[in-house]
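Worksheet: the structure to be examined is printed underneath.
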Amino acid sequence: MDYNIWTQVVGLSGAFGLGMCFAVLGSIAVKMMPRMNIDQAKFGTMISAFMFACLIASLVVGVMMDSLGYKTVAITGFVAAAAAILLLAKAKSFGPGLIACILLGVGAMACNTTGNVLGTAVVSKMFDGDMASANNLVNVFFGLGLFLTPFLVSFLFNKVSYEKAVSALGIVILIPLAFAVIAKYPEAPAGFALGDAFGLLKEPATILAAFILFCYIALESSFCNWLAPFGKEVLANENPDMDSEKVDATAARLLSAFAIAMMAGRLITSFSGITKFGGWLIAGAAVLAAVIIVIMTGTKSSKAAYALAAAAGLIFAPAFPTTVGVTFAKFGGGSGSLFGIIFAVGLAGGVIVPKAIGNMAGNSTIQKSLKLLLPACAALALLAIGLHYVKGPADTALETPAPQTIEAVAE
């Protein structure tokens, strides 16, 4: 693979940009909802619109990467994401906010494919081709974006206006555009056809990986978007006299705790050589995540809420990148189309479940509504074990004996 230092920067920046895109709505929710005069159900609709846009864009961007190459996708990601965040900064009603969420989905998926396909291919050279380890390291930068977004916003909300605070995020995500322009990229695959992408759907490994991501993204997107409102509920009940501005800023930091722990978990996992037993690792994480969620639904302590958010980040950490890495390994390497397909199906979980939590919270509380995540944990554990045992094209090729020559038969 032909690349330079800026190619590595672009790949890792793609993962960072995705983290920002996934964190921005949850980070600004406590300020944005009263500004737009919307309730939790409508905010849930905005999350679903973002996730549905991601679903469609994931398929399109994956094929676009295989047909047009990395550069177009990378530039599209940084520009679209920045434009969407700047629009969120200006929006004062539900309609413009919804449009911003759709554009954010396009930018997020272009950043996502850049990070997880280009970034993994470049970083895997450090791990002797171990795709799961490489993808865990790439997604440390996803965690960095997930962490810095609420951290920066919570700081700026106390210093400047809502518009200026959110606009600052748009400027940050636009910075890697300069590197995307000067980076050196490999050529688009020769002879790519749309039928190649559809052919991936017949592989059991593709189907299992897609449904694993369906369950996992339902969990992660729910945490990213509802952790701050969940924290606000716990804080308000524990300290009813606390200043509302302080409650909002403190609640937003729950997502930072989640993101820091996720970064740490992925960094540790990246040096563990986990491709061979990745399925079991994901299954174990799902079981522990269910335990954490049960405890979250009953906690009354803000300190416990922080600890649980951090524990969830640590447990969630290896699930997504390990799934991607194990799947890529089963196909002998990654492609935009393969990643686009499994991630698109995965995003359906992000469309459905966070919205369901918002709807249930309208008649109850966010804290109690988190129990809707438990079935996803159970399904994730079972599917991950299945991925461990299923064989992909690369596994089949390794098991097929090499054809014998005439000389070998004679001997």
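The values are calculated or read from the model by the stated rules, or taken from the named source; none is laboratory data. This structure is a prediction, so every number in the text was calculated from the model and none was measured. Methodologically, a virtual Cβ is constructed for each residue, glycine included, from the backbone with ideal geometry; neighbour enumeration extends over all protein chains shown. For accessibility, only protein heavy atoms count, side chains too; no ligands or nucleic acids. Shrake-Rupley method; radii C 1.70, N 1.55, O 1.52, S 1.80 Å.
In this structure, the amide hydrogen of ALA91, modeled 1.01 Å from its nitrogen in the peptide plane, lies closer than 5 angstrom to no residue at least 5 positions away or on a different chain.
With K and R counted +1 and D and E -1, the other residues having a Cβ less than 11 Å from that of ALA91 yield a net charge of +2.
Only helical runs count toward this figure. For the chain, summing -39,500 (n - 2.57) over DSSP H runs of n ≥ 4 and dividing by all residues gives -26500 deg cm²/dmol at 222 nm. 3J(HN,Hα) along region 96-113, derived from phi through the Karplus expression 6.51 cos²θ - 1.76 cosθ + 1.60 where θ = phi - 60°, amounts to x, x, 5, 4, 4, 5, 5, 5, 4, x, 5, x, 4, 6, 5, 5, 4, 5 Hz, with x in place of Gly and Pro. Of the listed residues MET360, MET296, MET263, the order by accessible area with a 1.4 Å probe, largest first, is MET360, MET263, MET296. Taking Cα centre as origin and charging only the Cβ of basic (Lys, Arg, +1) and acidic (Asp, Glu, -1) residues, the dipole magnitude of region 20-176 rounds to 600 debye. Normalised by the number of residues in region 1-111, the average gap of Cα pairs under 8 Å and 6 or more apart makes the relative contact order 40 percent.
Averaging the sequence gap over all C-alpha pairs within less than 8 Å and six or more residues apart, then dividing by the number of residues, gives region 220-367 a relative contact order of 35 percent. Across the chain, Cα pairs under 8 Å and at least six residues apart give a relative contact order of 28 percent.
Of the residues VAL247, ALA310, ALA29, the one whose Cα sits farthest toward the positive end of the charge dipole of the chain, with +1 on the Cβ of Lys and Arg and -1 on the Cβ of Asp and Glu, is VAL247. The C-alpha atoms of the chain define a longest principal axis, and helix 70-90 lies at about 10 degrees to it.
Computed from Cα atoms, the angle from the helix 278-296 axis to the main principal axis of the chain rounds to 10 degrees. Computed 3J(HN,Hα) for region 242-254, one whole-Hz value per residue from the Karplus formula 6.51 cos²θ - 1.76 cosθ + 1.60 where θ = phi - 60°, is 5, 4, 4, 5, 5, 4, 4, 5, 5, 5, 4, 6, 4, glycine and proline marked x. Using a 10 angstrom cutoff on alpha carbons, build the Gaussian network for the chain and name the most mobile of SER301, SER167, SER244. So, out of SER301, SER167, SER244, the one fluctuating most is SER244. A 1.4 Å probe over all protein chains sorts PHE316, PHE151 by accessible area into PHE151, PHE316, starting with the largest.
Work through the residues other than ALA251 whose Cβ is under 12 Å from its Cβ and net out their charges, Lys, Arg +1 and Asp, Glu -1. With Lys, Arg at +1 and Asp, Glu at -1, the net is 0. Taking the Cα centre of the chain as origin and assigning +1 to Lys and Arg Cβ atoms and -1 to Asp and Glu Cβ atoms, the resulting dipole is close to 1220 debye. When the chain is treated as a GNM with alpha-carbon contacts under 10 Å, the residue of VAL160, VAL234, VAL247 showing the greatest mean-square fluctuation is VAL160. Pick from ASP128, ASP248, ASP66: which residue has the top mean-square fluctuation in a GNM of the chain where Cα pairs under 10 Å get a spring? With Cα springs under 10 Å in the chain, the top fluctuation among ASP128, ASP248, ASP66 is at ASP128.
Between region 332-389 and region 6-52, the alpha-carbon centres lie 17 Å apart.
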